[in-house]
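Note sheet for the following structure.
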Amino acid sequence: MKKLVGAALLGQSGGPTSVINASAAGVFLESLKHDEITEIYGAQHGIKGILDENFYDIRKEDVEELERLKYTPSSAIGSVRYKLKDYKKDPTDYNKLLEIFKKYNIRYFFYNGGNDSMDTCLKISKFMKTAGWEMRVVGVPKTIDNDLAGIDHSPGYGSAAKYVATSIMELYLDATVYNTQQFIIVEVMGRNAGWLTAAAALASVGGVKPDLMYLPETPFDMDKFYNQVGDLLKTGKSVFVVVSEGIKTAEGKYIPEYETEIARDAFGHANLGGTASVLANHVGEKFGVKTRAIEFSLLQRSAAHIASQTDINEAFKVGQIAVKKAINGTTNKFVGIQRVPGDKYKVKYPLLPLKIVANAERKVPLEWILPDGKGLTQDFIDYALPLIQGETKLEKVNGLPRFAKLNKILAPKK
(Lines give C-alpha, C1' and ligand atoms only; values in the text may rest on other atoms or scores of the structure.)
Protein backbone atom coordinates (compact mmCIF):
# COMPACT_ATOMS: atom_id res chain seq x y z
CA MET A 1 0.00 0.00 0.00
CA LYS A 2 1.29 3.42 -1.01
CA LYS A 3 2.34 5.57 1.92
CA LEU A 4 0.08 8.63 2.11
CA VAL A 5 1.55 11.61 3.92
CA GLY A 6 -0.55 14.55 5.06
CA ALA A 7 -2.73 16.09 7.74
CA ALA A 8 -5.52 14.34 9.65
CA LEU A 9 -8.81 16.08 10.38
CA LEU A 10 -11.58 15.05 12.77
CA GLY A 11 -15.04 16.55 12.88
CA GLN A 12 -17.87 15.82 15.31
CA SER A 13 -21.47 16.06 14.21
CA GLY A 14 -25.02 15.63 15.49
CA GLY A 15 -26.12 15.16 19.08
CA PRO A 16 -23.34 14.74 21.67
CA THR A 17 -22.96 11.73 23.93
CA SER A 18 -21.10 11.17 27.19
CA VAL A 19 -18.43 9.17 25.30
CA ILE A 20 -18.10 10.86 21.89
CA ASN A 21 -14.92 12.51 23.15
CA ALA A 22 -13.50 9.09 23.95
CA SER A 23 -13.62 8.46 20.20
CA ALA A 24 -11.96 11.83 19.59
CA ALA A 25 -9.25 10.82 22.06
CA GLY A 26 -8.81 7.59 20.13
CA VAL A 27 -8.34 9.49 16.86
CA PHE A 28 -6.04 12.17 18.28
CA LEU A 29 -3.82 9.96 20.43
CA GLU A 30 -3.44 7.33 17.72
CA SER A 31 -2.67 10.00 15.11
CA LEU A 32 0.23 11.22 17.26
CA LYS A 33 1.90 7.82 16.81
CA HIS A 34 2.15 7.88 13.01
CA ASP A 35 4.80 9.68 10.95
CA GLU A 36 2.47 9.68 7.94
CA ILE A 37 0.28 12.22 9.74
CA THR A 38 1.98 15.60 9.58
CA GLU A 39 -0.66 17.72 11.32
CA ILE A 40 -3.68 16.86 13.46
CA TYR A 41 -6.70 19.12 13.29
CA GLY A 42 -10.05 19.22 15.03
CA ALA A 43 -12.76 20.95 13.00
CA GLN A 44 -14.59 23.58 15.01
CA HIS A 45 -18.27 22.61 14.64
CA GLY A 46 -17.90 19.83 12.11
CA ILE A 47 -18.39 20.47 8.41
CA LYS A 48 -19.26 24.10 9.06
CA GLY A 49 -15.88 24.61 10.72
CA ILE A 50 -14.12 23.03 7.76
CA LEU A 51 -15.91 25.31 5.31
CA ASP A 52 -14.96 28.29 7.50
CA GLU A 53 -11.35 27.01 7.87
CA ASN A 54 -11.57 26.94 11.65
CA PHE A 55 -9.26 24.14 12.78
CA TYR A 56 -7.98 23.46 16.27
CA ASP A 57 -4.29 22.50 16.28
CA ILE A 58 -4.37 19.27 18.31
CA ARG A 59 -0.57 19.03 18.47
CA LYS A 60 -0.69 22.06 20.77
CA GLU A 61 -2.81 20.21 23.31
CA ASP A 62 -1.46 18.57 26.45
CA VAL A 63 -1.50 14.79 26.01
CA GLU A 64 -2.88 14.39 29.54
CA GLU A 65 -5.85 16.55 28.60
CA LEU A 66 -6.39 14.48 25.46
CA GLU A 67 -6.46 11.40 27.71
CA ARG A 68 -9.10 13.09 29.88
CA LEU A 69 -11.33 13.39 26.83
CA LYS A 70 -12.23 9.74 27.47
CA TYR A 71 -14.23 10.86 30.50
CA THR A 72 -15.47 14.25 29.27
CA PRO A 73 -19.04 14.55 27.92
CA SER A 74 -20.38 16.55 24.98
CA SER A 75 -18.46 17.33 21.79
CA ALA A 76 -15.14 18.87 22.81
CA ILE A 77 -14.44 20.50 19.44
CA GLY A 78 -18.04 21.50 18.78
CA SER A 79 -20.81 19.81 16.84
CA VAL A 80 -23.12 20.85 14.01
CA ARG A 81 -26.22 19.86 12.10
CA TYR A 82 -25.34 20.77 8.54
CA LYS A 83 -26.62 18.84 5.56
CA LEU A 84 -24.47 18.65 2.45
CA LYS A 85 -26.48 18.71 -0.76
CA ASP A 86 -26.03 16.21 -3.56
CA TYR A 87 -22.78 17.30 -5.23
CA LYS A 88 -24.23 16.53 -8.66
CA LYS A 89 -26.96 19.11 -8.04
CA ASP A 90 -24.94 21.69 -6.11
CA PRO A 91 -21.15 21.20 -5.87
CA THR A 92 -20.52 24.55 -4.13
CA ASP A 93 -19.66 23.14 -0.68
CA TYR A 94 -17.69 20.26 -2.17
CA ASN A 95 -15.52 22.52 -4.32
CA LYS A 96 -14.81 24.61 -1.23
CA LEU A 97 -13.92 21.50 0.76
CA LEU A 98 -11.58 20.34 -2.02
CA GLU A 99 -9.86 23.71 -2.06
CA ILE A 100 -9.40 23.63 1.72
CA PHE A 101 -8.23 20.02 1.81
CA LYS A 102 -5.57 20.88 -0.77
CA LYS A 103 -4.46 24.02 1.07
CA TYR A 104 -3.94 22.15 4.32
CA ASN A 105 -2.90 18.89 2.62
CA ILE A 106 -5.61 16.98 4.45
CA ARG A 107 -5.27 13.33 3.50
CA TYR A 108 -7.08 11.70 6.41
CA PHE A 109 -10.64 12.67 7.26
CA PHE A 110 -12.56 11.21 10.19
CA TYR A 111 -16.13 12.15 10.97
CA ASN A 112 -17.62 11.21 14.33
CA GLY A 113 -21.40 10.97 14.31
CA GLY A 114 -24.58 9.04 13.55
CA ASN A 115 -26.62 8.23 10.45
CA ASP A 116 -26.51 11.70 8.92
CA SER A 117 -22.81 12.07 9.69
CA MET A 118 -22.02 8.82 7.92
CA ASP A 119 -23.99 10.15 4.95
CA THR A 120 -21.74 13.23 5.02
CA CYS A 121 -18.68 10.94 5.04
CA LEU A 122 -20.03 9.01 2.07
CA LYS A 123 -20.72 12.15 0.04
CA ILE A 124 -17.27 13.59 0.71
CA SER A 125 -15.56 10.30 -0.07
CA LYS A 126 -17.34 9.99 -3.41
CA PHE A 127 -16.68 13.58 -4.44
CA MET A 128 -12.98 13.55 -3.55
CA LYS A 129 -12.50 10.38 -5.52
CA THR A 130 -14.27 11.95 -8.51
CA ALA A 131 -12.13 15.09 -8.11
CA GLY A 132 -8.94 13.04 -8.02
CA TRP A 133 -7.90 14.10 -4.51
CA GLU A 134 -6.34 11.09 -2.81
CA MET A 135 -7.45 10.84 0.79
CA ARG A 136 -8.76 8.32 3.28
CA VAL A 137 -12.25 8.89 4.67
CA VAL A 138 -13.36 6.80 7.66
CA GLY A 139 -16.53 7.20 9.73
CA VAL A 140 -16.39 6.93 13.52
CA PRO A 141 -19.87 5.97 14.80
CA LYS A 142 -21.75 7.38 17.79
CA THR A 143 -25.34 7.85 18.87
CA ILE A 144 -27.32 7.34 22.03
CA ASP A 145 -30.22 6.35 19.76
CA ASN A 146 -28.45 3.04 18.95
CA ASP A 147 -30.08 3.06 15.51
CA LEU A 148 -27.06 2.67 13.20
CA ALA A 149 -27.57 -0.09 10.67
CA GLY A 150 -25.12 -2.95 10.27
CA ILE A 151 -23.71 -2.99 13.81
CA ASP A 152 -24.63 -4.59 17.12
CA HIS A 153 -24.73 -1.32 19.07
CA SER A 154 -23.48 2.24 18.88
CA PRO A 155 -20.91 3.99 21.08
CA GLY A 156 -22.83 6.28 23.41
CA TYR A 157 -25.80 3.99 23.84
CA GLY A 158 -24.49 1.93 26.76
CA SER A 159 -23.81 4.98 28.91
CA ALA A 160 -27.13 6.65 28.11
CA ALA A 161 -28.94 3.35 28.75
CA LYS A 162 -27.20 3.09 32.12
CA TYR A 163 -28.33 6.61 33.02
CA VAL A 164 -31.93 5.88 31.98
CA ALA A 165 -32.16 2.58 33.89
CA THR A 166 -30.58 4.05 37.02
CA SER A 167 -32.74 7.18 36.93
CA ILE A 168 -35.89 5.11 36.48
CA MET A 169 -34.98 3.11 39.59
CA GLU A 170 -34.36 6.28 41.60
CA LEU A 171 -37.47 8.07 40.34
CA TYR A 172 -39.67 5.07 41.02
CA LEU A 173 -38.56 4.92 44.65
CA ASP A 174 -39.23 8.65 45.04
CA ALA A 175 -42.57 8.62 43.22
CA THR A 176 -44.03 5.80 45.28
CA VAL A 177 -43.08 7.10 48.72
CA TYR A 178 -46.41 8.82 49.50
CA ASN A 179 -49.76 7.31 50.43
CA THR A 180 -51.45 9.63 47.91
CA GLN A 181 -51.95 8.49 44.36
CA GLN A 182 -50.18 10.17 41.45
CA PHE A 183 -49.41 9.63 37.77
CA ILE A 184 -45.73 9.88 36.79
CA ILE A 185 -44.64 9.84 33.17
CA VAL A 186 -40.99 9.93 32.06
CA GLU A 187 -39.97 10.97 28.56
CA VAL A 188 -36.84 9.48 27.00
CA MET A 189 -35.10 10.49 23.78
CA GLY A 190 -35.73 8.52 20.58
CA ARG A 191 -37.38 9.87 17.45
CA ASN A 192 -38.00 6.72 15.42
CA ALA A 193 -36.13 4.03 17.34
CA GLY A 194 -36.95 3.15 20.94
CA TRP A 195 -33.65 1.65 22.08
CA LEU A 196 -33.08 4.25 24.78
CA THR A 197 -36.64 4.09 26.07
CA ALA A 198 -36.29 0.30 26.13
CA ALA A 199 -33.35 0.75 28.52
CA ALA A 200 -35.90 1.61 31.22
CA ALA A 201 -36.69 -2.12 31.21
CA LEU A 202 -33.20 -2.75 32.63
CA ALA A 203 -34.47 -1.28 35.90
CA SER A 204 -36.33 -4.56 36.35
CA VAL A 205 -32.97 -6.21 37.04
CA GLY A 206 -32.81 -3.92 40.08
CA GLY A 207 -36.36 -4.73 41.10
CA VAL A 208 -38.22 -1.79 39.51
CA LYS A 209 -40.67 -2.22 36.66
CA PRO A 210 -42.57 0.68 35.04
CA ASP A 211 -46.29 -0.01 34.71
CA LEU A 212 -46.32 0.94 31.03
CA MET A 213 -43.66 1.60 28.37
CA TYR A 214 -44.26 2.93 24.87
CA LEU A 215 -41.75 2.84 22.03
CA PRO A 216 -42.04 4.45 18.56
CA GLU A 217 -41.76 1.06 16.85
CA THR A 218 -45.46 0.42 17.54
CA PRO A 219 -48.35 2.88 16.93
CA PHE A 220 -49.59 4.71 20.00
CA ASP A 221 -53.34 4.52 20.60
CA MET A 222 -54.56 7.40 22.79
CA ASP A 223 -57.86 5.77 23.74
CA LYS A 224 -56.18 2.50 24.64
CA PHE A 225 -53.63 4.42 26.71
CA TYR A 226 -56.35 6.19 28.70
CA ASN A 227 -58.11 2.87 29.33
CA GLN A 228 -54.91 1.24 30.57
CA VAL A 229 -54.07 4.17 32.84
CA GLY A 230 -57.64 4.25 34.14
CA ASP A 231 -57.53 0.56 35.04
CA LEU A 232 -54.22 1.02 36.85
CA LEU A 233 -55.52 4.03 38.79
CA LYS A 234 -58.44 1.94 40.03
CA THR A 235 -55.96 -0.11 42.05
CA GLY A 236 -55.32 2.95 44.22
CA LYS A 237 -51.59 2.86 43.56
CA SER A 238 -49.49 5.44 41.75
CA VAL A 239 -48.92 4.80 38.05
CA PHE A 240 -45.43 4.98 36.54
CA VAL A 241 -45.10 5.28 32.74
CA VAL A 242 -42.10 5.64 30.39
CA VAL A 243 -42.52 6.95 26.84
CA SER A 244 -40.28 7.72 23.92
CA GLU A 245 -40.39 11.32 22.72
CA GLY A 246 -41.08 9.95 19.23
CA ILE A 247 -44.21 7.86 19.82
CA LYS A 248 -46.91 8.64 17.30
CA THR A 249 -50.36 7.49 16.33
CA ALA A 250 -51.21 5.08 13.52
CA GLU A 251 -51.82 8.18 11.38
CA GLY A 252 -48.21 9.27 11.96
CA LYS A 253 -48.97 12.14 14.33
CA TYR A 254 -46.50 12.93 17.12
CA ILE A 255 -48.13 13.54 20.51
CA PRO A 256 -46.94 17.17 20.85
CA GLU A 257 -48.61 17.88 17.50
CA TYR A 258 -51.94 17.67 19.30
CA GLU A 259 -51.06 21.01 20.89
CA THR A 260 -48.47 22.77 18.71
CA GLU A 261 -46.67 22.66 15.37
CA ILE A 262 -43.29 20.91 15.44
CA ALA A 263 -40.14 22.56 14.06
CA ARG A 264 -37.61 20.54 12.06
CA ASP A 265 -33.81 20.62 11.76
CA ALA A 266 -31.57 20.87 8.69
CA PHE A 267 -32.06 17.18 7.96
CA GLY A 268 -35.86 17.41 8.18
CA HIS A 269 -36.02 15.65 11.53
CA ALA A 270 -38.72 16.76 13.94
CA ASN A 271 -37.48 18.67 16.99
CA LEU A 272 -39.30 16.65 19.60
CA GLY A 273 -39.93 17.10 23.31
CA GLY A 274 -43.05 17.66 25.36
CA THR A 275 -44.67 14.26 24.81
CA ALA A 276 -44.75 13.49 28.54
CA SER A 277 -46.17 16.92 29.38
CA VAL A 278 -49.01 16.59 26.87
CA LEU A 279 -49.98 13.14 28.11
CA ALA A 280 -49.69 14.14 31.77
CA ASN A 281 -51.97 17.12 31.22
CA HIS A 282 -54.56 14.97 29.48
CA VAL A 283 -54.44 12.30 32.20
CA GLY A 284 -54.79 14.95 34.92
CA GLU A 285 -57.82 16.47 33.24
CA LYS A 286 -59.44 13.12 32.53
CA PHE A 287 -58.90 11.41 35.89
CA GLY A 288 -58.36 14.29 38.32
CA VAL A 289 -55.14 12.77 39.60
CA LYS A 290 -51.92 14.57 40.49
CA THR A 291 -49.43 14.24 37.63
CA ARG A 292 -45.70 14.67 37.14
CA ALA A 293 -44.08 14.84 33.70
CA ILE A 294 -40.31 14.26 33.73
CA GLU A 295 -38.19 14.85 30.64
CA PHE A 296 -34.61 13.60 30.81
CA SER A 297 -33.73 15.83 27.85
CA LEU A 298 -29.98 16.57 27.58
CA LEU A 299 -29.19 14.85 30.88
CA GLN A 300 -29.37 11.39 29.35
CA ARG A 301 -26.66 12.11 26.80
CA SER A 302 -24.29 14.14 29.01
CA ALA A 303 -24.18 12.05 32.20
CA ALA A 304 -20.47 11.21 32.16
CA HIS A 305 -20.55 10.64 35.93
CA ILE A 306 -22.46 7.40 35.41
CA ALA A 307 -21.02 6.34 32.06
CA SER A 308 -20.42 2.69 31.26
CA GLN A 309 -16.69 1.90 31.20
CA THR A 310 -17.46 -0.72 28.56
CA ASP A 311 -18.95 2.05 26.42
CA ILE A 312 -15.96 4.33 27.03
CA ASN A 313 -13.50 1.60 26.06
CA GLU A 314 -15.37 0.77 22.86
CA ALA A 315 -15.78 4.43 21.89
CA PHE A 316 -12.04 4.96 22.29
CA LYS A 317 -11.30 1.81 20.32
CA VAL A 318 -13.35 2.78 17.26
CA GLY A 319 -11.40 6.06 17.09
CA GLN A 320 -8.08 4.26 17.35
CA ILE A 321 -9.01 1.70 14.73
CA ALA A 322 -10.25 4.36 12.32
CA VAL A 323 -6.76 5.90 12.26
CA LYS A 324 -4.89 2.60 12.07
CA LYS A 325 -7.00 1.35 9.18
CA ALA A 326 -6.82 4.67 7.32
CA ILE A 327 -3.02 4.60 7.56
CA ASN A 328 -3.15 1.11 6.02
CA GLY A 329 -5.26 2.27 3.09
CA THR A 330 -8.86 1.99 4.24
CA THR A 331 -11.31 4.56 2.91
CA ASN A 332 -15.06 4.94 2.37
CA LYS A 333 -15.76 2.77 5.42
CA PHE A 334 -16.86 3.15 9.02
CA VAL A 335 -15.72 1.22 12.06
CA GLY A 336 -18.44 -1.14 13.21
CA ILE A 337 -19.00 -3.07 16.42
CA GLN A 338 -20.20 -6.66 16.26
CA ARG A 339 -20.76 -9.04 19.13
CA VAL A 340 -18.81 -12.29 19.12
CA PRO A 341 -21.10 -15.27 19.83
CA GLY A 342 -20.47 -16.95 23.18
CA ASP A 343 -21.34 -16.92 26.85
CA LYS A 344 -18.91 -14.10 27.65
CA TYR A 345 -19.45 -10.62 26.20
CA LYS A 346 -16.86 -9.82 23.56
CA VAL A 347 -16.86 -7.65 20.43
CA LYS A 348 -14.91 -7.22 17.22
CA TYR A 349 -14.55 -4.11 15.06
CA PRO A 350 -15.19 -4.80 11.38
CA LEU A 351 -14.87 -2.16 8.68
CA LEU A 352 -18.21 -1.67 6.95
CA PRO A 353 -19.26 0.28 3.84
CA LEU A 354 -20.56 3.76 4.60
CA LYS A 355 -23.48 3.20 2.26
CA ILE A 356 -25.09 0.61 4.56
CA VAL A 357 -25.43 3.07 7.45
CA ALA A 358 -25.93 6.42 5.72
CA ASN A 359 -29.50 7.58 6.41
CA ALA A 360 -30.60 4.10 7.52
CA GLU A 361 -32.23 3.34 10.87
CA ARG A 362 -32.11 0.15 12.92
CA LYS A 363 -35.10 -0.22 15.21
CA VAL A 364 -35.87 -2.39 18.22
CA PRO A 365 -37.02 -5.80 16.95
CA LEU A 366 -40.79 -6.05 17.29
CA GLU A 367 -40.46 -9.50 18.83
CA TRP A 368 -38.60 -7.88 21.75
CA ILE A 369 -41.48 -5.50 22.51
CA LEU A 370 -44.29 -6.87 24.68
CA PRO A 371 -47.84 -5.94 23.59
CA ASP A 372 -49.96 -3.24 25.25
CA GLY A 373 -47.03 -1.28 26.65
CA LYS A 374 -46.00 -4.07 29.03
CA GLY A 375 -42.27 -3.62 28.47
CA LEU A 376 -39.50 -5.63 26.82
CA THR A 377 -38.66 -9.31 26.66
CA GLN A 378 -35.73 -11.07 28.30
CA ASP A 379 -33.99 -11.06 24.91
CA PHE A 380 -33.64 -7.28 25.17
CA ILE A 381 -32.36 -7.49 28.75
CA ASP A 382 -29.75 -10.05 27.67
CA TYR A 383 -28.75 -7.82 24.76
CA ALA A 384 -28.45 -4.53 26.66
CA LEU A 385 -27.16 -5.55 30.09
CA PRO A 386 -23.52 -6.15 29.02
CA LEU A 387 -23.39 -2.67 27.47
CA ILE A 388 -23.86 -0.83 30.77
CA GLN A 389 -21.17 -2.69 32.71
CA GLY A 390 -18.11 -1.11 34.33
CA GLU A 391 -17.80 2.01 36.44
CA THR A 392 -16.24 5.07 34.86
CA LYS A 393 -12.71 5.99 35.90
CA LEU A 394 -13.62 9.68 35.79
CA GLU A 395 -11.18 11.74 37.85
CA LYS A 396 -12.67 13.84 40.66
CA VAL A 397 -11.33 17.03 42.26
CA ASN A 398 -13.01 18.38 45.39
CA GLY A 399 -15.79 15.89 44.81
CA LEU A 400 -16.51 17.21 41.31
CA PRO A 401 -15.61 15.79 37.88
CA ARG A 402 -12.29 16.85 36.37
CA PHE A 403 -13.10 17.16 32.69
CA ALA A 404 -10.61 17.82 29.90
CA LYS A 405 -9.52 21.42 29.47
CA LEU A 406 -8.34 21.91 25.91
CA ASN A 407 -6.34 24.93 24.77
CA LYS A 408 -8.35 25.08 21.54
CA ILE A 409 -5.72 27.02 19.67
CA LEU A 410 -6.84 27.68 16.11
CA ALA A 411 -4.40 26.79 13.37
CA PRO A 412 -3.35 29.78 11.21
CA LYS A 413 -5.44 30.09 8.07
CA LYS A 414 -3.59 29.47 4.83
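Numbers below:
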{"read-out": "All positions within the range 192-205 that are under 13 Å from V242 (Cβ atoms) and surrounded by fewer than 18 Cβ atoms within 10 Å (Cβ to Cβ)", "value": "S204"}
{"read-out": "Residue satisfying condition, being open to solvent by less than 60 Å² (accessible area, probe 1.4 Å), at pLDDT 95 or above, within 21 Å of P412 (Cα to Cα) and among the hydroxyl-bearing types (S, T, Y), within set S31, S74, S23", "value": "S31"}
{"read-out": "Top-ranked residue in the range 114-152 [being of a type in the set (D, E) and under 30 Å from D379 (Cα atoms); ranked as least open to solvent (accessible area, probe 1.4 Å)]", "value": "D147"}
{"read-out": "Flag for G49 being in a helix (DSSP H, G or I), touching a residue at least 60 places away in the same chain (Cβ under 8 Å) and within 21 Å of S13 (Cβ to Cβ)", "value": "no"}
{"read-out": "Condition check for G11: closer than 29 Å to I306 by Cβ, modelled with pLDDT under 95 and touching a helix residue (DSSP H, G or I) at 6+ places or on another chain (Cβ under 9 Å)", "value": "no"}
{"read-out": "The range 297-314: number of residues that are assigned to a helix (DSSP H, G or I), in contact with a Lys or Arg (Cβ under 9 Å, 6 or more places away or on another chain) and open to solvent by less than 20 Å² (accessible area, probe 1.4 Å)", "value": "3"}
{"read-out": "Residue match in the range 156-172 (condition: among the charged types (D, E, K, R), buried (at least 22 other Cβ atoms within 10 Å of the Cβ) and within 19 Å of the chain's Cα centre (by Cα))", "value": "yes"}
{"read-out": "Filtered residues of the range 334-361 (kept if open to solvent by less than 70 Å² (accessible area, probe 1.4 Å) and either assigned to a loop (DSSP other than H, G, I, E, B) or of a type in the set (K, R) (or both))", "value": "G336, I337, R339, V340, G342, Y345, Y349, P350, V357, A358, A360"}
{"read-out": "Test: A322 is farther than 29 Å from V186 by Cβ and not in a helix (DSSP H, G or I)", "value": "no"}
{"read-out": "Of residues in the range 79-113 being touching a strand residue (DSSP E or B) at 6+ places or on another chain (Cβ under 7 Å) and either in a loop (DSSP other than H, G, I, E, B) or closer than 18 Å to I144 by Cβ (or both), the one most open to solvent (accessible area, probe 1.4 Å)", "value": "N105"}
{"read-out": "Residue within the range 377-385 that is outside any helix (DSSP H, G or I) and either at pLDDT 95 or above or within 26 Å of Y111 (Cα to Cα) (or both) present", "value": "yes"}
{"read-out": "Counted residues, the range 315-332 - those being out of contact with any helix residue (DSSP H, G or I) (no Cβ under 7 Å at 6 or more places or on another chain) and open to solvent by less than 10 Å² (accessible area, probe 1.4 Å)", "value": "1"}
{"read-out": "Residue that is most open to solvent (accessible area, probe 1.4 Å), among those in the range 206-236 that are part of a loop (DSSP other than H, G, I, E, B) and farther than 28 Å from I388 by Cβ", "value": "K234"}
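The values are calculated or read from the model by the stated rules, or taken from the named source; none is laboratory data. Values in this document were obtained by computation on a predicted structure and should not be read as measured data. Glycine gets a Cβ as well: all are built from the backbone with ideal geometry, and neighbour counts include every protein chain shown. To get the accessible areas, we keep the full protein, side chains included, count just its heavy atoms, and leave off ligands, DNA and RNA. Shrake-Rupley method; radii C 1.70, N 1.55, O 1.52, S 1.80 Å.
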